[in-house]
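S.K.: Please see the structure below; I have some questions.
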Amino acid sequence: MLLFLATVTFSQQSYYSDVDLTLSGTALKDALAAKIIATHTRTLEYSSSGPDVWDATRATDENTSNDREVVLYYGWEDGSDQDSTNDLYRDKNLQDSGSGATFVWNREHVFPKSLANPKLDTDIPGPSTDAHHLRAADRGRNSARNNRKYGRGTGNSDYSSVDFHEGLDGPNTAAWYPGDDWKGDAARMIMYMYLRYGTVCLPTAVGVGSNEFTQDEMIDLFLQWNVEDPVSQIEIDRNTYHENTANTAAQGNRNPFIDNPYLATRIWGGNSAEDRWDYYISTDTEAPTTPTNVTLSNISLNSITVNWDASTDNKGVTGYNVYIDGVLKTQTTNTNTTFSNLETNTSYNFTVVAKDLINNMSATSTAVNGTTLQDTEAPTIPTNLVVSEETDSSFKVTWSASTDNNAISSYEIYVDNTLNGTSANNVYTITGLSTSTTYAVEIVAVDTDNNKSAKSATVNATTTAGTSNGITELFISEYVEPDGGNNKAIEIVNLTASTINLSEYSIQKQHNGSSWVDDFNLGNTNIVPGDVFVIINGGADDATLIAEADLVRANNTSTNNGSPMNFNGNDPIGLFKNGVLVDIIGQVGNSSSHIENKTYRRKASILSNNTTYTVNEWDVLAANTFTGIGSHDSTLSTEESSLISFKMYPNPTNGNKVFFETTKNLTIKVYNIVGKLILENKVSSSKNQLDITTLSKGIYFIKIDSDKNSEIKKLIKN
């Protein structure tokens, strides 16, 4: 141990002389974290007249062959081609001043500010101004990375074609690959930030990978990069600069994973990284003995327990890797492990490898094959079929979920003894039906092994006649224009009594109030009475908008960046039918930002389209109001209209009674969404409840009549 500490003292300026480097796992991680926190004696500012991260970056990222230049992170080319964003070097004086110049460099946050928790603020010195993760980078290439997570790739820096995540471009945002020459730098900077700032800067938040085989939030991506890309001279120079506080913008601490990448292996495991101290690996070269007597037990439909005899080692066995069909599936310190979620009636091959603290691996054990049991038991028969939300061409059917000895995979829905479709849940909407027609519906449950139940009892459903309710056209029911970003949406509602096909409809925007452009057809989709149709921008990242979207307008160069769904507050949006304007949000010819940064929702009393923007038809909500998208409140038209003093509650309700608070005698009429009267009753101050036990789940309209007045309310039964 004394020899080791002397070696460390010689090679690392005594920095680690008070750290017990014989530790491993979380204990070593905590010891190193305490060290780099204690020695972080100078906190830099982002931009100031005194020492700041500009000063640090100019010094640490200097080109050793030309002290007038900085080395550009992500770069690889000497500047001879026409693409300045891939340059490896840049004049120090061309730092980004915010002037809009293109041939400049700025500071890349290797851990993006927005991915930290809480988000980092460069006005507050701390993790956002820690120079250990700030690198000189071409502004254009830095901008291309944006706040994308890191992901797998090969070659030079670019978008990953392998890994995607929920990010600035929505659910399928491409990750960012830093490049073969920079991925090790990225990994070691992320590891440092995790040590230094803990849960604020989690590796799982900044990379696409698995933490299955680590005891905390480290991921396999960074451990792999730490192995594959050795420490570079610029990393060594950066560490040397920052330890010496005599340097103008030095912080006082070091990045331990630059000093010795093997420290990451010792903490988090994985394949062995370079041991730059030549201590850990060289002190123990003997591998554990091969695990023997591998056996299988507790074999069921989808699980198998693997057992083996313990291995031995000259220093001590620290764990075992267990493989299925040659792929590492788990790591354990025990001599047995159980695998669940296996496929039924499937053969698997199991092997075990022992390892010691220095990551020496034993030979692979003799393989053992095992087969899970076969499932021959059918699910129970679906029960309690209920039909609701009947329209002229559709209805919804729900049922009680079946059970199975393994798992239900789907349900088959039969209409008049013909398979209509399947559903993963116990609800299904049947469309494309004829008006005023009765259909017989049956359900079959299917398990994961394709065992099928018998058909359920039959339930009959009858579509409506689709007679007119006085409403003849679709119209825009909601407009969402956020105060930044691509969370833009248009909602269209069908309040007619008939199903309408959208193939004749499109939306356009009036660009800056000048001319209608970018006609976007809504497709060959049916929208049933009472339903809405939601179109969103492909770059939207709000979970509500994504979940409710019926149509996504791709946001790329071929669609003119998602037009017309890239509207701003000076772009009126029109709904067109066969090229003729039928409804509008925004004032024609108005190029001012008159509908900017707001959500506009059509008032419930509006039942028809309007080609003239009439502001009092809309409720105006705050920017970034996304709740409410995907449904629209409306009232049936009535010749009688006056306020009645009453309250109706609860609404929505999941019970079988609705209560009224009133001083008058009222007649309550309940209509379905196509205007058919289905329930009528009287209420008063003494008899103030309405029994809705017979109503299926869905949307209804309640007409409240007094002596001379009436009012319409919407009732939702969940």
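S.K.: Identify all residues within segment 133-164 that are more than 22 Å from Val71 (Cβ to Cβ) and of a type in the set (A, V, I, L, M, F, W, C); write none if there are none.
M.R.: Val162, Phe164
S.K.: Please name all residue pairs, on different chains or six or more residues apart, with Cβ atoms under 6 Å, provided the first residue is in segment 228-246 and is touching a residue at least 60 places away in the same chain (Cβ under 8 Å) and the second residue is surrounded by 19 or more Cβ atoms within 10 Å (Cβ to Cβ) and of a type in the set (S, T, N, Q).
M.R.: The qualifying pairs are Arg238/Thr60; Tyr241/Thr60; His242/Gln251.
S.K.: Given the criteria polar (S, T, N, Q), within 23 Å of Gly562 (Cβ to Cβ), touching a helix residue (DSSP H, G or I) at 6+ places or on another chain (Cβ under 9 Å) and touching a residue at least 24 places away in the same chain (Cβ under 8 Å), does Asn156 qualify?
M.R.: Taking the combined requirement at face value, the residue does not satisfy it.
S.K.: Residues that are at pLDDT 95 or above and of a type in the set (Gly, Ala, Ser): which strands (runs of 3 or more DSSP E) entirely in segment 33-151 hold 1 or more of them?
M.R.: 134-138
S.K.: Tell me the helices (runs of 4 or more DSSP H) entirely within segment 214-276 that contain at least 1 residues that are more than 29 Å from Thr330 (Cα to Cα).
M.R.: Those helices (runs of 4 or more DSSP H) span 233-243, 256-259.
S.K.: Could you list all residues from segment 185-207 that are touching a helix residue (DSSP H, G or I) at 6+ places or on another chain (Cβ under 8 Å) and among the β-branched types (Val, Ile, Thr)?
M.R.: Answer for segment 185-207, where residues must be touching a helix residue (DSSP H, G or I) at 6+ places or on another chain (Cβ under 8 Å) and among the β-branched types (Val, Ile, Thr): Ile190, Val200, Val206.
S.K.: Can you tell me which residue in segment 396-412 is farthest from Ile527 (Cα to Cα), limited to those that are over 30 Å from the mean Cα position of the chain (by Cα) and buried (at least 21 other Cβ atoms within 10 Å of the Cβ)?
M.R.: Ser402
S.K.: Being under 24 Å from Asp483 (Cα atoms), in contact (Cβ under 8 Å) with a residue 60 or more places away in the chain and β-branched (Val, Ile, Thr) is the filter here; which residues of segment 498-555 pass it?
M.R.: Ile507, Val534, Thr544, Ile546
S.K.: Which of (1) surrounded by 13 or more Cβ atoms within 10 Å (Cβ to Cβ); (2) in contact with a Ser or Thr (Cβ under 8 Å, 6 or more places away or on another chain) does Asp91 not meet, given it meets every other one?
M.R.: The single condition Asp91 does not satisfy is (2).
S.K.: Also: I'd like the full set of residues that are on the phi < 0 side of the Ramachandran plot and in a loop (DSSP other than H, G, I, E, B), limited to segment 343-358.
M.R.: Across segment 343-358, the qualifying residues are Glu343, Thr344, Thr346, Leu357, Ile358.
S.K.: Being acidic (Asp, Glu) and either farther than 17 Å from Arg148 by Cα or not in a loop (DSSP other than H, G, I, E, B) (or both) is the filter here; which residues of segment 164-203 pass it?
M.R.: Residues satisfying the conditions are Glu166, Asp180, Asp181, Asp185.
S.K.: Do we find a residue being under 21 Å from Lys697 (Cβ atoms), modelled with pLDDT of 95 or more and in contact with a strand residue (DSSP E or B) (Cβ under 9 Å, 6 or more places away or on another chain) anywhere in segment 448-456?
M.R.: The answer is yes, given that some residue of segment 448-456 is under 21 Å from Lys697 (Cβ atoms), modelled with pLDDT of 95 or more and in contact with a strand residue (DSSP E or B) (Cβ under 9 Å, 6 or more places away or on another chain).
S.K.: Okay, next question. Return the pairs, sorted by first residue and then second, in which the second residue is assigned to a helix (DSSP H, G or I), the first residue lies in segment 24-47 and is at positive phi, the beta carbons are less than 7 Å apart, and the residues are 6+ apart or on different chains.
M.R.: As it stands, the answer is Gly25/Ile267, since those pairs meet every condition given.
S.K.: Then there is this: Between a first residue in segment 274-294 that is under 21 Å from Ala187 (Cβ atoms) and a second residue that is of a type in the set (D, E, K, R), which pairs have beta carbons less than 6 Å apart while being 6 or more apart in sequence or on different chains?
M.R.: Between residues of segment 274-294 that are under 21 Å from Ala187 (Cβ atoms) and residues that are of a type in the set (D, E, K, R), the close pairs are Ile281/Asp275.
S.K.: Look through Thr265, Thr248 and report the one residue that is of a type in the set (Ser, Thr, Tyr) and surrounded by fewer than 22 Cβ atoms within 10 Å (Cβ to Cβ).
M.R.: Thr248
S.K.: For Asn420, all conditions in the list (1) touching a residue at least 24 places away in the same chain (Cβ under 8 Å); (2) outside any loop (DSSP other than H, G, I, E, B) hold save one; what is the number of the exception?
M.R.: Answer for Asn420: the failing condition is (1).
S.K.: Sticking with this one: Residues being outside any loop (DSSP other than H, G, I, E, B) and among the polar types (S, T, N, Q): count how many of those fall in segment 450-475.
M.R.: Total satisfying the criteria: 2.
S.K.: Let me ask something else about it. Residues that are at pLDDT below 90, in the same structural domain as Asp541 (by TED's automatic domain parsing) and in contact with a helix residue (DSSP H, G or I) (Cβ under 7 Å, 6 or more places away or on another chain): which strands (runs of 3 or more DSSP E) entirely in segment 577-638 hold 1 or more of them?
M.R.: Of the strands (runs of 3 or more DSSP E) lying wholly inside segment 577-638, none has at least 1 residues that are at pLDDT below 90, in the same structural domain as Asp541 (by TED's automatic domain parsing) and in contact with a helix residue (DSSP H, G or I) (Cβ under 7 Å, 6 or more places away or on another chain).
S.K.: Go through segment 161-185 and give me each residue that's more than 24 Å from Asp61 (Cα to Cα) and touching a residue at least 24 places away in the same chain (Cβ under 8 Å).
M.R.: Across segment 161-185, the qualifying residues are Asp163, Phe164, His165, Glu166, Gly167, Leu168, Asp169, Gly170, Pro171, Thr173, Ala174, Ala175.
The values are calculated or read from the model by the stated rules, or taken from the named source; none is laboratory data. All of these numbers come straight from a predicted model, not from anything done at the bench. When we count neighbours, we look across all protein chains shown, and the Cβ atoms used for this are built from the backbone with ideal geometry, even at glycine.
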